[in-house]
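> What follows is a single structure, and I will ask about it in a moment.
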Amino acid sequence: MAEPSISMLVAILSLVLLSPQCFAFHTAATSRTAASAAVAAAERHGDRSSSPCRVSPSTASTRASCGLLQMSSNDNDEDDNAGPSSSSSSNVKLFELDDAFEDDGENVVGTKFFGGSTVKDELYVPEEEERALELQNVKSEQEVEIEYKRFEDGNAFGDEMGKRVGEALQAAINQILYNDSSSSSSSSSDVASWKEDPSLQWETPFSKSQNAGNSPLMELSASKSFYNKLDVAILSAHTIKSEGNIKAVEVRWDIGVVWPNPWESRALLTGTSTLAVRDDAESNCLVLMKQNDKLDGSNPKDIVGALSSQLLPRFWDVYHIGMSPSTELDPRLGTPPSSSQSLSKNSQGKKGLFSSYKLSYLPPRLVTEPSLVDTNGREGRTAQALPNHGFTTAIKTMGPNKEAFSPVSPIEISISKVEEHEGSLVKWSVPVPPEFASNGILPLPLMDEDESEDEDSPDEGDSSAIVRKKGETRTEFSSPYTPGRTTKPPPSPPQSLSSSYALRPSRLVATLPYAGSPQDEEVTELRRKLYQEVVERDGNVPKLDSRGRPMFFFWMNDAKACFTRKGGLGMAVYEWRGDWSKSNEVGIELEC
């Protein structure tokens, strides 16, 4: 009899453990938060009278058999799931797990746990939902405003043949360097294919490997394995001669390399190529028959001289070695190209015997140019940092997903008076590295329509609020954080924000070294000194703006603008440099 008794006890114990009430008790004991949400949901639905018992968070575990916290089951009938309360309690179901995550238009995902459709009705606004759908459907009209399509810029690609050559050649280069041919502003089917004639003639200052033969594209592919990084951007293309289906096209390019040395020097080479291209219109193919490459500068074949000055470690790059990679400097050539004839008498880099300025020739570059109208004057210090609306991305510099970026310098600032506004036009000019310029479509900053308007006026109760009528002098107010001291009011928000890309033409400039910022009072005196030496004494002709004023600018050599290949400008680095270095420059643009 002992063995049957033990078997009966085990069977009874199993039935007790598997009973629905014990299951409900265990669930409630571990789900007090869910029980509280269920009670709140029942109260919001007005079901207090229909429920035979109410569960509070403190008594959820001991009163779970009332059926408020019930998990639905397809294996049991409703009568089997009822607790010891009245029969009406079996029909009370605050939620069922099987359909809790369904979204059928009436049940919002997850809201059954926190008030059901009541909360959904409170948060659902039909007008806002319709507006969201409209915004999702808006595509082509807004895409034009937030993108710069390089090959559709008439200043850079002035004719149809130049555009076709630029697009096709850039696509062929990107396929080799990045395994990417989709950087064109047109669809891939519209871009002409780029081929090289077997009898191609190629004259270039660059070295040729034996395996590459006489093919520029094969040489580019071979060079990729030598450099730590290699980027090529086609900046412009123009047809200079046409004979039947043979076209002569002049192409301007930038080549950026990261040299394989311990400090990974960044070198930038700029120049032009004259191409003889056969246009096979029926097959939409461009065949390169002849190519002649020239570097910018007095000696278009001196590749060693163009690289040597850029490969040595720079003092400030080493000093701030942990801050950013080596910087790509905007090229400053000592003399303009020898082919230019319409130059001033000092165009060959000659200047007065006792002149302290430096004369430099700048080749054409693709630049991004954010600008704004500033009404705060020198005290606002608006010009000494890139504005927020000039950035197009954010760069991750830490963690496993950190991004590679290319720093460039200098950042150029020009400040001029605006007649129709009260204030000054501040314009920044940042050279675009070849890595980013190799894209056919460049992103523009996203700006709201109201960004250029003034901010809302401060509240009357704000202790720092200052209301100033026209003609009144600016007053000072006491800061609550510094008792007994006075602080000038916050600066006014900028106006007329804009940002664009442009192919900057070649320039002849004269500069003087300076250690300060672009809005220092000393800059005015330095401009006067520069004008006297360059124009009045040495006879150079200054370039004038639309109002007949000389075009001055400021170079921030202690600042770096950082770009990623796809995102664009995402970060600016401002280095500390001692005043003794006088690393920044004040300059004037000259006719050339």
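> Answer yes or no as to whether E219 is surrounded by fewer than 17 Cβ atoms within 10 Å (Cβ to Cβ), assigned to a helix (DSSP H, G or I) and modelled with pLDDT under 95.
No; evaluated as a whole, the condition is false for this residue.
> Take V541 and decide whether it is among the β-branched types (V, I, T), surrounded by fewer than 23 Cβ atoms within 10 Å (Cβ to Cβ) and either at pLDDT below 90 or within 12 Å of A510 (Cα to Cα) (or both).
So V541 passes the test.
> In the range 395-445, which residue that is part of a loop (DSSP other than H, G, I, E, B) and basic (K, R) is least open to solvent (accessible area, probe 1.4 Å)?
K396
> If I go through the range 544-592 residue by residue, how many of them are open to solvent by 20 Å² or more (accessible area, probe 1.4 Å), over 24 Å from F354 (Cβ atoms) and either in a strand (DSSP E or B) or of a type in the set (K, R) (or both)?
Looking only at that region, the number is 9.
> Would it be correct to say that L135 is closer than 26 Å to T392 by Cβ, open to solvent by 50 Å² or more (accessible area, probe 1.4 Å) and at pLDDT below 65?
For L135, the condition - closer than 26 Å to T392 by Cβ, open to solvent by 50 Å² or more (accessible area, probe 1.4 Å) and at pLDDT below 65 - is met.
> Being within 25 Å of G305 (Cβ to Cβ) and either in a loop (DSSP other than H, G, I, E, B) or of a type in the set (S, T, Y) (or both) is the filter; apply it to the range 194-209 and report the residue that is modelled with the lowest pLDDT.
S209
> If you check P387 against the conditions, is it modelled with pLDDT of 85 or more and either touching a Lys or Arg at 6+ places or on another chain (Cβ under 8 Å) or aromatic (F, W, Y) (or both)?
no
> Taking only pairs six or more apart or across chains, which ones have beta-carbon atoms under 6 Å, a first residue in the range 500-529 that is among the aliphatic types (A, V, I, L, M), and a second residue that is open to solvent by 40 Å² or more (accessible area, probe 1.4 Å)?
L503/N155; L508/C592; A515/D579; A515/K582
> Tell me, which residue of the range 151-166 that is open to solvent by 10 Å² or more (accessible area, probe 1.4 Å) and in a helix (DSSP H, G or I) is farthest from E196 (Cα to Cα)?
E152
> Which of the residues belonging to the range 494-536 are farther than 30 Å from F157 by Cβ, in a loop (DSSP other than H, G, I, E, B) and either open to solvent by 30 Å² or more (accessible area, probe 1.4 Å) or of a type in the set (D, E) (or both)?
P494, A515, S517, D520, E521
> Please determine, by comparing only the residues of the range 184-193 that are open to solvent by less than 30 Å² (accessible area, probe 1.4 Å) and touching a strand residue (DSSP E or B) at 6+ places or on another chain (Cβ under 7 Å), which one is modelled with the highest pLDDT.
A192
> Find all pairs meeting these conditions: Cβ atoms under 7 angstrom apart; at least six residues apart or on different chains; first residue within the range 212-241 and under 30 Å from G154 (Cα atoms); second residue open to solvent by 50 Å² or more (accessible area, probe 1.4 Å) and in a helix (DSSP H, G or I).
Correct list of pairs: L230/K224.
> Related question: Please work out which one of (1) in a strand (DSSP E or B); (2) within 17 Å of E435 (Cβ to Cβ) is the condition E264 fails and give its number.
The number of the failed condition is (1).
> Could you tell me which numbered condition V277 fails, if it satisfies all but one of (1) open to solvent by 20 Å² or more (accessible area, probe 1.4 Å); (2) more than 30 Å from F315 (Cα to Cα); (3) part of a strand (DSSP E or B); (4) not hydroxyl-bearing (S, T, Y)?
(1)
> Looking only at the range 288-306, filter to residues that are out of contact with any helix residue (DSSP H, G or I) (no Cβ under 7 Å at 6 or more places or on another chain) and open to solvent by 60 Å² or more (accessible area, probe 1.4 Å); which one of those is farthest from R507 (Cα to Cα)?
If we take residues in the range 288-306 being out of contact with any helix residue (DSSP H, G or I) (no Cβ under 7 Å at 6 or more places or on another chain) and open to solvent by 60 Å² or more (accessible area, probe 1.4 Å), then M289 is farthest from R507 (Cα to Cα).
> For the range 245-266, state whether one or more residues are of a type outside the set (S, T, Y), on the phi > 0 side of the Ramachandran plot, open to solvent by 10 Å² or more (accessible area, probe 1.4 Å) and under 35 Å from the mean Cα position of the chain (by Cα).
yes
> Mind listing just one residue for me: the one in the range 194-205 that is buried (at least 16 other Cβ atoms within 10 Å of the Cβ) and not β-branched (V, I, T) and, of those, farthest from A171 (Cα to Cα)?
Restricting to residues being buried (at least 16 other Cβ atoms within 10 Å of the Cβ) and not β-branched (V, I, T), the top hit is P205.
> Identify all residues within the range 361-394 that are farther than 24 Å from Y148 by Cα, surrounded by fewer than 22 Cβ atoms within 10 Å (Cβ to Cβ) and of a type in the set (V, I, T); write none if there are none.
T375
> Looking for whichever is open to solvent by 20 Å² or more (accessible area, probe 1.4 Å), at pLDDT 85 or above, assigned to a loop (DSSP other than H, G, I, E, B) and of a type outside the set (K, R) here; the options are S309, S342, S338, S356. Which one fits?
S356
The values are calculated or read from the model by the stated rules, or taken from the named source; none is laboratory data. Computed from a prediction, not measured in an experiment: that's the story for all the values here. When we count neighbours, we look across all protein chains shown, and the Cβ atoms used for this are built from the backbone with ideal geometry, even at glycine. Ligands, DNA and RNA are excluded from the accessible area calculation, which covers all protein heavy atoms including side chains. Shrake-Rupley method; radii C 1.70, N 1.55, O 1.52, S 1.80 Å.
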